[in-house]
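The values are calculated or read from the model by the stated rules, or taken from the named source; none is laboratory data. Predicted model only: the values in this text are computed from it and were never measured. Counting neighbours? That spans all protein chains shown, and the Cβs are built from the backbone with ideal geometry, glycine included.
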Amino acid sequence: MNHDTDKLRDDAIGIWQAGVDAVRSEQLVTQYVALRGDQLCIGDDVVSLNRVRRIVVVGAGKAGAGMAEGLEAALGKDVMLEKGVQGLINVPADCYRPTERIILHPARPAGINEPTREGVSGAEKMLHMVRSLGPEDLCICLLSGGASALLPAPIAGLTLEDKQQVTRLLSSAGANIHQLNTVRKQLSRVKGGRLASACRAGMMKTLVISDVIGDPLEIIASGPTVENTATPSDAVAVFDQLGLRENPVAAEVTRILDSVKDSSQAQSPMPGEMTNIVIGNNQLAVDAAGIEARRRGYLTETCSAEKLEGPAEEVGVDLASAALQLRNRGGARCLVTGGEPTVQLVAESRRGHGGRNQQLVLSGLHSRTSSEQTDVNPFASTILLSGGTDGEDGPTDAAGAMADAKVVENARLRGLDPLDYLERNDAYSFFADTGGLIVTGPTHTNVCDVRVVLTHGLAGA
C-alpha cells in the first residue's frame, strides 16, 4: 500500500503543479505583450509607440510581482528608458521580487487577506499617478486575484477599520466573491471603474488574471477598470441576503450607503481607448493539469466550474463520492476540477485554522470514513487533493491538503475525529498532524482552486 500511496501522492502533486505552472503570471504576460518594431502589441490591440509620450503601470494582486516582471521583459530596457516607464503595484509582502522600473509595494502582510493602511497608501499613490497622465500617455493596469483587498481607498465617511470589519463580517457569513465585491465596489474610490475614471491617459490597457469563475470583468478585483452598473442598493441587498442587516457593522455601512443613494455618483468618462484582456483563468489551469494526468497514464476527465460553487463541505463530499466511483471502475483514473467554494466560519472562540481547500478535503475524508465500508481503508488506492493556485489557503501557510490512505491511517493511529476538526474550521491542525498539508509558498499567480482525484483501482477490479 505504501508504494501505491506514494506514487499517487507524487502524481497528484505533479498534476496539480502542472496546472499552476500553466498560469505563471510572468509567462502569461509575455504571451500577450510583445514588441514588433515601433509597435507594442497587447493582445489584439496594436499601439504605435510613436504616439506614446510615456508609459505608467499600476495595479494590484497576488500575481502582481510576476506580471510586473513579465511586462518589463516584454517592453525591454530601451523602450522602458525611452518612454520613462514607471509604475506601482500593490502586492502581498511575501510576493516581492526584483524589478527595474515598476515598484512593488507591500500592501499587506502574508496570510492577512484584508485591507491595510499600506494598501491605502499605495492606492492613493496610484490615483495620483493616473491623474497626472495626459492624452499622449499609455496606462497599463495589471490586475489579479487578491487585488480587492490589496487596493483599498475608502469613500468619504468610511474608515479603513470600517472596511476591515465589513470584509471580516461578509467572509465569516460565507459571502461568495460576487457578494463581497458588490459591496466593496460601493465603498471604494478605486473599485467599480473608479480607477479608470480617474485616469487621464489617452489609452488604458488592463491585463487580468482571473480568480473568478466565468471571468466577469466587473467582479475580478472589484472591476477598477470596468464601468460599474451596480448601485448602493445592490450592496445593501447583500447584507439582507446573508441575514446581516441587523449586525451593527452592516447597519453602519448601510447608513452610509443610504446617504449616497441620491447623491451624484457620476464618474468621469473612461479613457477613450480602453481594453480589458483576460490572460489567464481557472480553465487554463485545469486543462493543463488534465494534459499532465494523461501524460502520466491516467484516463482523465476535467471540469472547471461554470458558475459559483456552494459550500466547500458539499464539494468535498461530491469529490469523495466521485473518487469511490472511479476506483470501482478499475484502472488508473483521474478527475481534475476547478472552482472556488465558500466556507461559513464558526464563532471565533471555537475557530481553528484552515482554508476552503483544507475544509473541502477534510469533508470528503469524513464522508468516506464515517460511512459503512467494506474496505479496511476507504482511501486505499485513492487520493483527493485540493489546493489554491496562489499557494495560500485561508490565513495559513498551506496551499491546501490531500486525503489518502496514509492520512486516514495516521488519523486512526492518533485517535483524531475528522468531524471535530471539521466543525471547528480546524482542518489545518488535522492535516498537520496526519501529513496531509500541501505547502508551496507564494506561486505569484491566482486562478481559483484546482482539485485532483486519482485512483489506481482496487486489486482485482
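Yes or no, residue by residue, for (1) crowded, with 20+ Cβ neighbours inside 10 Å; (2) free of Cβ contacts under 8 Å to residues at least 60 places away in the same chain; (3) in the same structural domain as G145 (by TED's automatic domain parsing); (4) out of contact with any Pro (no Cβ under 9 Å at 6 or more places or on another chain):
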{"site": "G310", "(1), (2), (3), (4)": "no, yes, no, no"}
{"site": "N328", "(1), (2), (3), (4)": "no, no, no, yes"}
{"site": "R350", "(1), (2), (3), (4)": "no, no, no, yes"}
{"site": "G387", "(1), (2), (3), (4)": "yes, no, no, yes"}
{"site": "E423", "(1), (2), (3), (4)": "no, no, no, yes"}
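Checked against (1) farther than 23 Å from D4 by Cβ; (2) surrounded by fewer than 24 Cβ atoms within 10 Å (Cβ to Cβ), S363 passes all but condition (2).
Return the total of residues in segment 302-323 being more than 19 Å from the chain's Cα centre (by Cα), outside any strand (DSSP E or B) and over 26 Å from L345 (Cβ atoms). Counting residues in segment 302-323 that are more than 19 Å from the chain's Cα centre (by Cα), outside any strand (DSSP E or B) and over 26 Å from L345 (Cβ atoms) gives 2.
Taken as a whole, the structure leaves S233 outside the set of residues that are under 19 Å from the mean Cα position of the chain (by Cα), surrounded by fewer than 19 Cβ atoms within 10 Å (Cβ to Cβ) and small (G, A, S).
For the condition hydrophobic (A, V, I, L, M, F, W, C) and in contact with a Lys or Arg (Cβ under 7 Å, 6 or more places away or on another chain), L319 qualifies. Tell me which residues, restricted to segment 99-118, are farther than 19 Å from A221 by Cα and in contact (Cβ under 8 Å) with a residue 24 or more places away in the chain. Listed by number, the residues that qualify are T99, E100, R101, I102. When residues in segment 1-52 are screened for being aliphatic (A, V, I, L, M), surrounded by fewer than 20 Cβ atoms within 10 Å (Cβ to Cβ) and at pLDDT 95 or above, 7 of them pass.
The set of residues in segment 324-347 that are of a type outside the set (V, I, T) and farther than 26 Å from K307 by Cβ comprises R327, N328, R329, G330, G331, A332, A347. Among the conditions (1) in contact (Cβ under 8 Å) with a residue 60 or more places away in the chain; (2) among the small types (G, A, S); (3) farther than 25 Å from S172 by Cα, the only one that S371 does not satisfy is (1).
Among the residues of segment 279-301, those identified as more than 16 Å from D11 (Cα to Cα) and assigned to a strand (DSSP E or B) are I279, G280.
Quick test for you: out of V346, V336, pick the one residue that is surrounded by fewer than 17 Cβ atoms within 10 Å (Cβ to Cβ) and outside any helix (DSSP H, G or I).
None of the others qualify; the one that does is V346.
Taken over segment 58-87, the criterion of being within 13 Å of M129 (Cα to Cα) and buried (at least 21 other Cβ atoms within 10 Å of the Cβ) is satisfied by V58, G59, V85, G87.
Look at (1) crowded, with 24+ Cβ neighbours inside 10 Å; (2) more than 20 Å from H128 (Cβ to Cβ) and you find that I55 fails only one, number (2). Across segment 137-152, a minimum of one residue is classified as over 20 Å from the mean Cα position of the chain (by Cα) and aliphatic (A, V, I, L, M).
For G354, state whether it is in a loop (DSSP other than H, G, I, E, B), touching a helix residue (DSSP H, G or I) at 6+ places or on another chain (Cβ under 9 Å) and on the phi > 0 side of the Ramachandran plot.
yes
Anything in segment 112-165 that is of a type outside the set (G, A, S), crowded, with 24+ Cβ neighbours inside 10 Å and in a helix (DSSP H, G or I)? List them, or say none.
Selection gives M126, L150, K163.
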